[in-house]
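Have a look at the structure below before the remarks.
Values quoted throughout were computed directly from the atomic coordinates according to the rules given, and no laboratory measurement underlies them. Note that the coordinates shown come from a computational prediction; the quantities given were computed from them, not determined experimentally. Glycine gets a Cβ as well: all are built from the backbone with ideal geometry, and neighbour counts include every protein chain shown.
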Amino acid sequence: MTGELLERMRTRFNINVERQGAALAERLGIRSRYICRDFELRHESPRPRDTNAQLAARALTAALNEAGLAAGDLDYLIAHTATPGCLLPPNVAQVADLIGYQGPFVELRQACTGFANALVMAFGLLHSCACGAVAIVGSETGSVFFDPRRVAEDSGQLVNLLQMGDAASACVLAPTSVGASRISNVYHGNLGTKRTPGFSLRTGGSDLTHAPDAPQEFEHDYRGIGEHGAELFLEAIKAAASTGIDPRRTDFFIPHQVNGRMAAHLAAPLGVKDGRIFVNADRVGNTGSAAIWLALAELREHLHSGQSVCVLGAEATKYMFGGFQYVHA
């Protein structure tokens, strides 16, 4: 819970963020989320069994079980994450080891719209060759890039603490069959050309491999996000409509889970009641690569046959958007 985490910060690291943090948590509308670390130290790795690859493996196993498949039934595995356990070999290689998968795989280094690029690849495989089941998994363990003491130096890091959640979620796709739930109308685009990234994690790449004075943390361009963020969702709405998705005939919408108040923010632009906009960020936080799959998995439990969902994904790194339509069987 948010209050418990703020209290831990105050007592263990002697940082008084309770009042400021409580106000920010209220504004973001995030009450709780899962964290892969214990915050016993300023800098620490995920708990045993809660690494990025382990979370992804658990999510994939659950998706395969629901589909009635084993790892050996997959023809391809696609993963996307901004916070891999290591840079090389790719995180997905360890995921494959954990679930006992011996086939081909690929990993996309992308966050909130990684799902859209993954779907473009999966659709290419499913429609252009004799390909069977394809699994996609999105996972994040971003909490390890937060140093509690940095809040005193950069209050923006408090947003990272309160907003970001750790998670993994997966789906399994197969060639179209009669009577099955289906994903269609995939779209993807970007508005980031010549724009400064709104969200970045620079340390660790080959441009900044070792910089003792540079903290390993997410950097936010709040001004840029405030200026261009809403535009992403408007472009996503237009792009979705251009693929044939009709908002008037859509039962539910899943936006990127930026915060717990997205339904109120998007109801007017979509022209729908906020009850038709599904948000779980208030309970799980912004889980990056896992966000869309996690929200869809939860919403599916409440859908009736024939009901449709329009996904409106957005990512501030280089202002990308993407989505798809889901129809429940």
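Under a crude label model (7 Å from the Cα following the beta-carbon direction), how far is Phe123 from Asp75 in nanometres?
Each label point is offset 7 Å from its Cα along the Cβ direction, giving 1.7 nm.
Please give the length that would be gained between Ala264 and Arg149 if that part of the chain were fully extended, namely 0.36 nm times their separation in residues minus their C-alpha to C-alpha distance (nm, one decimal).
Details: separation 115, 0.36 × 115 = 41.40 nm, distance 3.32 nm.
Extending this stretch completely gives an extra 38.1 nm.
How do Thr196, Thr243 line up, fewest other C-beta atoms within 10 Å first?
Thr196, Thr243
How far is helix 18-28 tilted, in degrees, relative to the longest principal axis of the Cα atoms in the chain, given as a value from 0 to 90 rounded to the nearest 10?
20 degrees
So what are the ³J(HN,Hα) numbers for region 295-302, from phi and the Karplus equation (6.51, -1.76, 1.60; θ = phi - 60°), rounded to whole Hz, Gly and Pro as x?
Per residue, the Karplus-derived 3J(HN,Hα) values read 5, 5, 4, 6, 5, 4, 5, 10 Hz.
Over the Cα atoms of region 2-173, Rg to Rh with Kirkwood Rh, two decimal places? Please report the intermediate quantities before stating the final value.
Values: Rg = 18.3 Å, Rh = 17.4 Å.
Result for region 2-173 is an Rg/Rh of 1.06.
Which order do Lys194, Lys318, Lys238, Lys273 fall in if you start with the one that has the fewest other Cβ atoms within 10 Å?
By the 10 Å Cβ count, ascending, the order reads Lys194, Lys273, Lys238, Lys318.
In Å and whole numbers, how far do the C-alpha atoms of region 18-92 stretch along each principal axis, longest first?
Over region 18-92, Cα extents along the principal axes are 52, 28, 20 Å.
I want to make sure I understand the PRE zone here: with the label point 7 angstrom from the Cα of Ser177 toward its beta carbon, which residues in region 271-308 have backbone N atoms less than 19 Å away?
Backbone N within reach: 305-306.
Of Arg47, Arg283, Arg109, which is the most mobile in a GNM of the chain whose springs link Cα atoms less than 10 angstrom apart?
Arg47
Ranking Phe39, Phe145, Phe324 by Cβ neighbours within 10 Å, fewest first, what do you get? Show your work: numbers first, answer last.
Values: Phe39 16, Phe145 19, Phe324 27.
Listed from fewest to most nearby Cβ atoms, that is Phe39, Phe145, Phe324.
Sorted by mean Cβ packing within 10 Å, highest first, what order do the peptides 299-312, 127-140 take?
Result, highest mean first: 127-140, 299-312.
For region 182-327, take every pair of Cα atoms, bin their distances at 5 Å starting from 0, and report each bin as a whole percent.
Percent of Cα pairs in each bin: 2, 9, 18, 21, 20, 12, 8, 5, 3, 2, 0, 0.
Test of understanding: in a Gaussian network model of the chain with alpha carbons linked when under 10 Å, which of Gly285, Gly85, Gly192 would top the mean-square fluctuation ranking?
For the chain, modelled as a Gaussian network with Cα springs under 10 Å, the answer is Gly192.
What is the Å³ per residue value for the convex hull set by the Cα atoms of region 284-329?
66 Å³
Reachable lysines from Lys273, Cα under 25 Å, same-chain residues fewer than 8 places away excluded?
The reachable lysines, counting only those whose Cα sits under 25 Å from Lys273, are Lys238.
Step through the residues of region 180-191 one at a time and calculate ³J(HN,Hα) from phi using the Karplus curve (6.51 cos²θ - 1.76 cosθ + 1.60, θ = phi - 60°), rounding each to whole Hz and writing x for Gly and Pro.
These are the phi-based 3J(HN,Hα) values: 9, 4, 9, 10, 8, 6, 6, 9, 7, x, 8, 10 Hz.
Residue separation times 0.36 nm, minus the C-alpha to C-alpha distance between Arg31 and Asn65: what's the value?
Once the chain is fully extended between Arg31 and Asn65, it gains 9.2 nm.
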